[in-house]
Amino acid sequence: MRPACVPYVDPGLPLARELRDRVERYIDDYGTWPKTITCRPRFHRCGQTSKEVESITMMADKAARVMLGAMACGGPTFLSPEKRAPH
């Protein structure tokens, strides 16, 4: 699942409003709450329990390590839109 992405916004009420808008848009697009939220330059995890947050963190770490390895080998090769499964 993709993260909800929030660009840098000044802390306080402007950030709270932008975060609310991005999460609402994510829910409209995917029908569920985001598991991760990237607030440039930070990365936040969302879960119902500490165990769920730990799992999300471990998966994000694994994805970053896989991407780093792919970049070291010349970059990732992504599937074309025709070969991807429909959402």
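Only the coordinates and a few stated rules stand behind these numbers; no lab work does. What you are looking at is a predicted structure, and each value in this text was computed from that prediction instead of being measured. Here the Cβ is made from the backbone with ideal geometry for all residues, glycine too, and neighbour counts use every protein chain on show.
Things worth noting here:
- Helix axis angle, 13-30 relative to the chain longest principal axis, alpha carbon, degrees: 50
- Residue of 29, 61, 21 that the Gaussian network model of the chain assigns the largest fluctuation, springs spanning Cα pairs under 10 Å: 29
- Considering only 67, 57, 85, the residue lying farthest towards the positive end of the dipole of the chain is 67, judged by Cα position with unit charges set on Cβ.
- Sites listed here are GluC sites (Glu not before Pro) in the chain whose DSSP assignment is loop and whose Cβ has at most 11 other Cβ atoms within 10 Å: 82.
- For the chain, applying the loop criterion from DSSP together with a ceiling of 11 other beta carbons within 10 Å to the chymotrypsin sites (Phe, Trp or Tyr not before Pro) yields 8, 78.
- Angle between the chain longest axis and helix 50-72 axis [Cα atoms, degrees, rounded to 10]: 40
- Loop-located trypsin sites (Lys or Arg not before Pro) in the chain (DSSP state not H, G, I, E or B) with no more than 10 neighbouring Cβ atoms inside 10 Å: 83, 84.
- Sorted by Cβ density within 10 Å, fewest first, the residues 39, 73: 73, 39
- Distance from the Cα centroid of the stretch 58-83 to that of the stretch 1-50 is 23 Å (rounded to whole angstrom).
- Straight-distance crosslink candidates among lysines, where the alpha carbon sits under 22 Å from residue 51 and sequence neighbours closer than 8 are dropped: 35, 62
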